[in-house]
Every structure is written in structure tokens, then in C-alpha cells.
Amino acid sequence: MDEQMLKILEYSIYGASVLLILVGLYAVLTKKSLIKIVIGLSIIDGGIHLLLIAIGYLKGGTAPIFSPGFEEATAKMVDPVPQALVLTAIVIGFGVTAVALSLVIRLYRHHRTLQIDEIKSLKW
Amino acid sequence: MRKFIVLLILAVLGYFMFDIFSGLHLGEPHFVNGVKDFYLSKTVSDLHVANTITSIVVNFRGFDTLGEVTVLFLAVSAMGSVLYKKRHEAGTRTVLFASSNIVRSGSKLLFPAIMLLGAYVFIHGHLSPGGGFQGGTIIATGFLLMLLAYRDFKVSHHILSYVESFAGIIFVVVGLFGFMGGGTFLQNFMPAGELNELFSGGVIGIIYVMVGFKVAAELTGLIYTILHEKD
Amino acid sequence: MIYVILIIFLLLLMVGAAVYAVVQKDLLYAVIATGVISLVLTVMFYILQAPDVALTEAAIGVALTTIIFLITIRNTLRHEDEYYKNDKLKTPSK
């Protein structure tokens, strides 16, 4: 019974993160408004972070912090290396979104529109 | 027509990605004899630090943290140079209607509590979950609350840029002092204390406090720049 | 058993909010759906035993990203199909 629950959980978590990446890619490739494209980039970031943290999980594991009284529980701790990488990736993803939105404001002031059909240099 | 081609490409990509990731079973240890055993054992025996993520981010891979702080600084300065035209004078904004009494008096009570929580989180970064980045963003959220509630809340731009530069310079200087102790950049040269004490871990406490100040000043400057835009 | 059902319900809510954010044409509602995605991600990070990452995602993804999107929408257009301001669905000038 426990083995079956873990199988259902594995399919649902990996499937949800892959679906998030696909929905974000659809928004970047198809939509015509610039703000919608930046929203799609932000959704792709969320999907990738969930995938990275789900790889480092250990069954019956606990958080990698040595509280007083738990100093010898090294064998049951989850992997701490993907968590350190995702911590950096969240902050840098926010910086990229902020710079992209400031470029959108600047483009709106120059062309007076936000559709990429009008701004000729972005045509597919 | 174009949407149909895009959907076809995405379906093929989704099938291949799901096929790769269902070979990795959830809950099995994937990396046997990897770096995680080294990091988990060295944290308690050498550094006497309770939070493993803090010791990885500041001590074992500390150069990446210096790069990340530099990327945030570049993002804020790029925003400031793109949006340079026609800013409001400091403190005046066009709003549709003033905030109500509840918002104004409530935010005046909440603002010192949020600053205290943010300072607590980045000072005790090596003992419990937290650290410089988390505490810095909590303080920036407190400043955002005050900027939204009051029309004429001023944050002096000069003080923000001085605090940010000063914190960054101290980070690099502490790294350069590592040359005297062991021989590499960002080496831990101060004595490590006891486990679960406030002054443990050597250089880690000082570096994380400086990173907390720098991230708080940068994010407050970013919010301030984008709020004072004029059409 | 009830644990797995609650996790599957949260993941369905997240994928539903992502589809709603892409399909909806009024940009204000799409931005709030992006905030809901960040909220569910914070709970998932806590369930997978990563408290540092959950703190960072809660502070950056929910508060700061939403306010930056809202200020951009205030300075530009609100509806997705608008071409120029005060002139809904005007045909593009060729």
C-alpha cells in the first residue's frame, strides 16, 4: 500500500512540473501581447524550480538542519545541494523579470502600442 | 495553423521529458558517494554550524553568492538607466484617492514589527532556517507597505546607495582577509565556536549580515524607482 | 491516504491557475493567477522538506513579483487586445 502511494505521488509531482513548463512555453510562442510573454517566462521559472527540488527528496527524510538533540541523524536527511542552487535561481529569476518589465514600459512609450505585430522587428 | 504546429511540437517535447523523468524514482537516493555526505559531515565537525544550506551558500560555494549579489546590482542599475525620463520629485505621486484610516494607522503599527522580524531572520541565519536573502526581502516588503499607505513617505536615495556600496565593500574585504589566514579567497580564518551558539561558524555570520543589508537596500531602491514613474 | 489526496488537489489547483493565466484576456486577473501559482509552490516546497527555499519563494514570488506587474499594467494597457489607449480593438493603422 505504501509503495503504490509513492508511485501515484511520483507521477503527479513530475507531471505537474512538466505541465507547467509546457504551459509557459505555449504562452511565449503564441501570444501577441508583450506582458503575456513575460508572464509566460515567470511560469517556466516556477516549473523548473519544482522539478529540481523534487529530485532531491528522500523517502521518510527530514530537513537538513542539526537542531539540539538531533545531531546524529545524517543518514535520513534530504539532499542539500539542489536547495542551495534553487535559492540562487529564485532571486536571479526575479531580477530578469524586473529588467524585462522595464524594457516593456520603455517600448510602450516609444511605439504607443504593445502588440508585436505593430512593432515590426519582432515578427516571426 | 500556427497554433496547431506549436501544439504538436509541445506534445512531442512533453512526451520525451516525461519519459526521461519517470526513470528517476521519487525517494531513492540518486547520488551514492556524492558531495552531499562530505558537506553534511564537515558542517558539524569542522565549522560547528547547524544549518547546512547556510554553510554551503556562504562557505563551500561562497564565490557563487558574490556573483549573485553582483547580478542583482546590475539588474537595479540597468532598470535605473532604462527608465530615466521624467521622474516625479521625491515624495509626490499621482494617486486616485487617499488611503483610509484603517490602512494608515495599521501600517504605522506593523512597520517596526516587520523590520524586527527581518533583522532576526538574517542575524540567526546559521542556527535556524533563514539567512541573508530571506531577511533582506522581508525588510523590503515592510518598506513597500509604508510606500503604498502614505502619499509622501520619503526614502532618501543617497542613504540607500551608501548602505549598499558599504556592505558590498565589506564582503570583498573580508574575502581578501582570507589570504592571510589560509591562502585562498574567502577562507574561514576566524575560530569556530560551539554548536548552536550565536558566535559560531567564524566568518559566516559577518558575511550573511552584510548580504542581508545589501539585498534589502537593493530591493527597496528597485521598488522606489519603478513606483515614481510619470507618463 | 488523505495526505495523497490533498497533495493531488493542490497540484490540480496550480495547473488550473496556470491555464487560466494564459487564456484570460484581462491582464489584471492573469497577474493574480500568477500569485496563486507562487503560493501553491511555497506549500509544495515545505512538504518536500526545504524550509529555506519556501521562505525565499514566499517573500519574492507572492509580494514583489505581483507589485511589479501591477505597476507595469498601470503605466500601459490593461486589456490584451487593445491596440492604442482609449480606443479598444481599433484596427491597426497600415
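The values are calculated or read from the model by the stated rules, or taken from the named source; none is laboratory data. Not measured: the values here are computed from a predicted model. A quick note on method: Cβ atoms are made from the backbone with ideal geometry, for glycine too, and the neighbour counts reach across all protein chains shown.
Of the conditions (1) surrounded by fewer than 19 Cβ atoms within 10 Å (Cβ to Cβ); (2) within 16 Å of C:GLU57 (Cα to Cα), A:GLY47 clears all except one; give me its number.
A:GLY47 satisfies every listed condition except (1).
Count, please, the residues in region C:46-86 that happen to be under 30 Å from A:PHE66 (Cα atoms) and either touching a residue at least 60 places away in the same chain (Cβ under 8 Å) or not charged (D, E, K, R) (or both).
So the count comes out to 15.
Run A:VAL23 past the list (1) of a type outside the set (Gly, Ala, Ser); (2) within 8 Å of chain B (Cβ to nearest Cβ); (3) farther than 30 Å from B:PHE38 by Cα and report the number of the one that doesn't hold.
A:VAL23 satisfies all of (1) of a type outside the set (Gly, Ala, Ser); (2) within 8 Å of chain B (Cβ to nearest Cβ); (3) farther than 30 Å from B:PHE38 by Cα except (2).
Consider region B:41-59. How many of its residues are at pLDDT 85 or above, aliphatic (A, V, I, L, M) and farther than 16 Å from B:PRO129 by Cβ?
0
Among the residues that make up region A:68-75, is at least one of them touching a residue at least 60 places away in the same chain (Cβ under 8 Å), more than 7 Å from every other protein chain (Cβ to nearest Cβ), of a type outside the set (Phe, Trp, Tyr) and touching a Phe, Trp or Tyr at 6+ places or on another chain (Cβ under 9 Å)?
Kept after step one, since they are touching a residue at least 60 places away in the same chain (Cβ under 8 Å), are these residues of region A:68-75: none.
Within region A:68-75, none of the residues are touching a residue at least 60 places away in the same chain (Cβ under 8 Å), more than 7 Å from every other protein chain (Cβ to nearest Cβ), of a type outside the set (Phe, Trp, Tyr) and touching a Phe, Trp or Tyr at 6+ places or on another chain (Cβ under 9 Å).
Looking at (1) crowded, with 21+ Cβ neighbours inside 10 Å; (2) at pLDDT 95 or above, which is the one condition that is false for A:PHE66?
Condition not satisfied by A:PHE66: (2).
Taking region B:153-212, which residues are within 19 Å of B:LYS42 (Cβ to Cβ) and modelled with pLDDT of 90 or more?
B:ILE207, B:TYR208
Counting only residues that are assigned to a loop (DSSP other than H, G, I, E, B), within 14 Å of chain A (Cβ to nearest Cβ) and within 21 Å of the chain's Cα centre (by Cα), how many does region B:199-231 have?
The number of residues fulfilling the criteria is 1.
Report yes if A:ILE53 is at the interface with another protein chain (Cβ under 7 Å from one of its Cβ atoms) and touching a helix residue (DSSP H, G or I) at 6+ places or on another chain (Cβ under 7 Å), otherwise no.
Spelling it out, A:ILE53 is indeed at the interface with another protein chain (Cβ under 7 Å from one of its Cβ atoms) and touching a helix residue (DSSP H, G or I) at 6+ places or on another chain (Cβ under 7 Å).
Checking the conditions here, which among B:ASP64, B:ASP152 is over 20 Å from B:ILE226 (Cβ atoms) and acidic (Asp, Glu)?
None of the other options fit; the residue is B:ASP64.
Got at least one residue in region B:205-223 being without any contact (Cβ under 8 Å) to a residue 12 or more places away in the chain and over 19 Å from B:VAL71 (Cβ atoms)?
Of the residues in region B:205-223, the ones without any contact (Cβ under 8 Å) to a residue 12 or more places away in the chain are none.
No; the residues of region B:205-223 include none that is without any contact (Cβ under 8 Å) to a residue 12 or more places away in the chain and over 19 Å from B:VAL71 (Cβ atoms).
Test each condition in (1) within 11 Å of chain B (Cβ to nearest Cβ); (2) free of Cβ contacts under 8 Å to residues at least 24 places away in the same chain; (3) of a type outside the set (Ser, Thr, Tyr) for A:ILE43 and report the one that comes out false.
For A:ILE43, the failing item is (1).
Could we say that C:GLY16 is within 22 Å of A:ALA16 (Cα to Cα) and either modelled with pLDDT of 95 or more or surrounded by fewer than 20 Cβ atoms within 10 Å (Cβ to Cβ) (or both) here?
Yes, satisfied.
Within region B:2-27, count every residue that is at pLDDT below 85 and loosely packed, with under 11 Cβ neighbours inside 10 Å.
Qualifying residue count for the region: 1.
Which number in (1) assigned to a loop (DSSP other than H, G, I, E, B); (2) within 30 Å of B:LYS42 (Cβ to Cβ); (3) of a type in the set (Val, Ile, Thr) marks the one condition that A:THR113 misses?
It is condition (2) that A:THR113 fails.
Test of understanding: among B:VAL32, B:VAL49, B:VAL58, B:VAL44, which residue is in contact (Cβ under 8 Å) with a residue 40 or more places away in the chain and not in a helix (DSSP H, G or I)?
B:VAL49
Of B:LEU66, B:LEU72, B:LEU83, which residue is modelled with pLDDT of 90 or more, within 30 Å of B:GLY221 (Cβ to Cβ), in contact with an Asp or Glu (Cβ under 9 Å, 6 or more places away or on another chain) and surrounded by 12 or more Cβ atoms within 10 Å (Cβ to Cβ)? Explain how you work it out, then say what you get.
On the way: B:LEU66 fails: in contact with an Asp or Glu (Cβ under 9 Å, 6 or more places away or on another chain); B:LEU83 fails: modelled with pLDDT of 90 or more.
Going through B:LEU66, B:LEU72, B:LEU83 in turn, the sole match is B:LEU72.
For region A:25-44, which residues satisfy the criterion of being surrounded by fewer than 22 Cβ atoms within 10 Å (Cβ to Cβ) and closer than 19 Å to B:VAL12 by Cβ?
Residues satisfying the conditions are A:LEU25, A:TYR26, A:VAL28, A:LEU29, A:THR30, A:ILE44.
State all residues of region C:1-24 that are more than 9 Å from chain A (Cβ to nearest Cβ) and in a loop (DSSP other than H, G, I, E, B); if no residue qualifies, say none.
C:GLN24
Could you tell me whether region A:54-76 includes any residue that is acidic (Asp, Glu) and in a loop (DSSP other than H, G, I, E, B)?
Within region A:54-76 (the criterion being acidic (Asp, Glu) and in a loop (DSSP other than H, G, I, E, B)), the answer is yes, since at least one residue qualifies.
Got a number for residues in region B:4-29 being under 24 Å from A:PRO80 (Cα atoms) and either part of a helix (DSSP H, G or I) or touching a His at 6+ places or on another chain (Cβ under 8 Å) (or both)?
3
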